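Asker: The structure that follows is given in the form of structure tokens.
The values are calculated or read from the model by the stated rules, or taken from the named source; none is laboratory data. Values in this document were obtained by computation on a predicted structure and should not be read as measured data. Neighbour counts run over all protein chains shown; Cβ positions are idealised from the backbone, glycine included. For accessibility, only protein heavy atoms count, side chains too; no ligands or nucleic acids. Shrake-Rupley method; radii C 1.70, N 1.55, O 1.52, S 1.80 Å.
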Amino acid sequence: MAKLRYFDTGKPADPEPAPAVSTTGHSEFLRTGRINRDRPDWLAEERRYMTHQEVAERTAQKLLSAGEKTHDRLNGFHKSIRFPKLIFHHTLKDTPHLGYCHVTAARTQFAQYEEVNWAFYIANFFARIGQEENFFEDISLKYSRMYFAVAVHPDRQAEDKKLTINRDIRGNGVLFHTHDPQIAIRNVLLLGARNEQLRDIIRQL
């Protein structure tokens with residue numbers, strides 16, 4: 001795959017020095033009231049190409065802002081539901097305009113599972129959660145956001161015991177996966193609710 005190039009659409013180039021106005025053009029404006037924009041001095045803005053590092057930094061700002069707002073919404077729902085703020089991001093290799101943000105993590109009990117550690121993420125693209133080493137598969141820009149939570153546990157093969165998807169839960173480790181922010185908020189609140197009465201209230205949202 002060819003390396004992507006990015007340019008800044010919000011930064012116009014410095015204007016070219018205006019040439020002397022011809023008497024023909026001046027007369028045409030006085031006669032018709034129109035300006036001829038087909039003349040050579042009406043040049044398109046020059047593109048300023050951006051480095052992948054610059055793109056990654058802009059992506060990070062947007063992802064972290066989305067993570068902060070989502071965390072505030074979660075903790076503003078009910079005083080008995082509080083999630084730790086664990087916000088960090090990653091951009092995808094060779095496509096730094098795409099990335100995902102970790103918002104929070106917690107432990108819960110549900111269905112036949114007594115205790116499940118999980119993490120909640122936001123991404124600025126849509127994809128399937130990978131079954132193998134690839135975290136994402138079939139990346140698509142069909143939706144501008146993706147919300148998902150996965151069960152996690154320490155990687156037994158890694159020396160630093162970093163967290164990885166616990167695929168013993170539900171066969172693939174995915175607790176929910178949606179492009180709808182309302183569904184995502186509801187599902188995270190259900191994971192954080194401490195009793196069935198509160199879960200019933202959340203389900204009716």
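Asker: Within 18 Å of F83 (Cα to Cα), at pLDDT 95 or above, more than 18 Å from the chain's Cα centre (by Cα) and open to solvent by less than 60 Å² (accessible area, probe 1.4 Å) - does that describe any residue in region 128-149? Don't jump to the end; show me each part of the working.
Answerer: From region 128-149, those within 18 Å of F83 (Cα to Cα) are 147-149; that's our starting set.
Pick out the ones that are also at pLDDT 95 or above and you get 147-149.
With more than 18 Å from the chain's Cα centre (by Cα) added as a condition, the list becomes none.
Checking region 128-149: not a single residue is within 18 Å of F83 (Cα to Cα), at pLDDT 95 or above, more than 18 Å from the chain's Cα centre (by Cα) and open to solvent by less than 60 Å² (accessible area, probe 1.4 Å).
Asker: Can I ask one more? Provide a single number: the residues in region 89-99 that are open to solvent by 40 Å² or more (accessible area, probe 1.4 Å) and in contact (Cβ under 8 Å) with a residue 24 or more places away in the chain. Break it down stepwise before answering.
Answerer: Of all residues in region 89-99, those open to solvent by 40 Å² or more (accessible area, probe 1.4 Å) come to 89-91, 93-94, 97.
So of that shortlist, the ones also in contact (Cβ under 8 Å) with a residue 24 or more places away in the chain come out as 89, 91, 94, 97.
Of the residues in region 89-99, 4 are open to solvent by 40 Å² or more (accessible area, probe 1.4 Å) and in contact (Cβ under 8 Å) with a residue 24 or more places away in the chain.
Asker: Out of contact with any strand residue (DSSP E or B) (no Cβ under 7 Å at 6 or more places or on another chain) and of a type outside the set (D, E, K, R): is that true of G192 in this structure? Can you show your working first?
Answerer: On the way: out of contact with any strand residue (DSSP E or B) (no Cβ under 7 Å at 6 or more places or on another chain): no; of a type outside the set (D, E, K, R): yes.
Spelling it out, it is not the case that G192 is out of contact with any strand residue (DSSP E or B) (no Cβ under 7 Å at 6 or more places or on another chain) and of a type outside the set (D, E, K, R).
Asker: On to the next question. In this structure, does H71 turn out to be of a type outside the set (D, E, K, R) and either closer than 29 Å to F7 by Cα or assigned by the TED database to the domain that holds D180 (or both)?
Answerer: Values: of a type outside the set (D, E, K, R): yes; either closer than 29 Å to F7 by Cα or assigned by the TED database to the domain that holds D180 (or both): no.
For H71, the condition - of a type outside the set (D, E, K, R) and either closer than 29 Å to F7 by Cα or assigned by the TED database to the domain that holds D180 (or both) - is not met.
Asker: Keeping to region 150-183, report how many residues are small (G, A, S) and surrounded by 12 or more Cβ atoms within 10 Å (Cβ to Cβ). Steps first, answer last, please.
Answerer: Applying the first criterion (small (G, A, S)) to region 150-183 yields 151, 158, 171, 173.
Right, trim to surrounded by 12 or more Cβ atoms within 10 Å (Cβ to Cβ) and you get 151, 173.
Total satisfying the criteria: 2.
Asker: Given the conditions (1) on the phi < 0 side of the Ramachandran plot; (2) surrounded by fewer than 15 Cβ atoms within 10 Å (Cβ to Cβ); (3) in contact with a strand residue (DSSP E or B) (Cβ under 6 Å, 6 or more places away or on another chain), and given that Y121 satisfies all but one, which numbered condition is not satisfied?
Answerer: Just one mismatch for Y121, condition (2).
Asker: Please go through region 28-53 and pick out each residue that is at pLDDT 85 or above and open to solvent by less than 60 Å² (accessible area, probe 1.4 Å).
Answerer: If the condition is that a residue be at pLDDT 85 or above and open to solvent by less than 60 Å² (accessible area, probe 1.4 Å), then M50, H52 are the ones that fit.
Asker: Hey, any hits in region 121-133 for a residue that's under 30 Å from E196 (Cα atoms) and among the hydroxyl-bearing types (S, T, Y)?
Answerer: yes
So that you can scan it fast, the table gives a plain yes or no per residue for (1) hydroxyl-bearing (S, T, Y); (2) in contact (Cβ under 8 Å) with a residue 60 or more places away in the chain; (3) within 22 Å of A66 (Cβ to Cβ):
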{"position": "A123", "(1), (2), (3)": "no, no, yes"}
{"position": "F136", "(1), (2), (3)": "no, no, yes"}
{"position": "Q157", "(1), (2), (3)": "no, no, no"}
{"position": "V174", "(1), (2), (3)": "no, no, yes"}
{"position": "T178", "(1), (2), (3)": "yes, no, yes"}
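Asker: Out of H153, H97, H90, I need the residue that is modelled with pLDDT of 85 or more and either touching a Pro at 6+ places or on another chain (Cβ under 6 Å) or within 24 Å of L190 (Cβ to Cβ) (or both). Which one?
Answerer: H153
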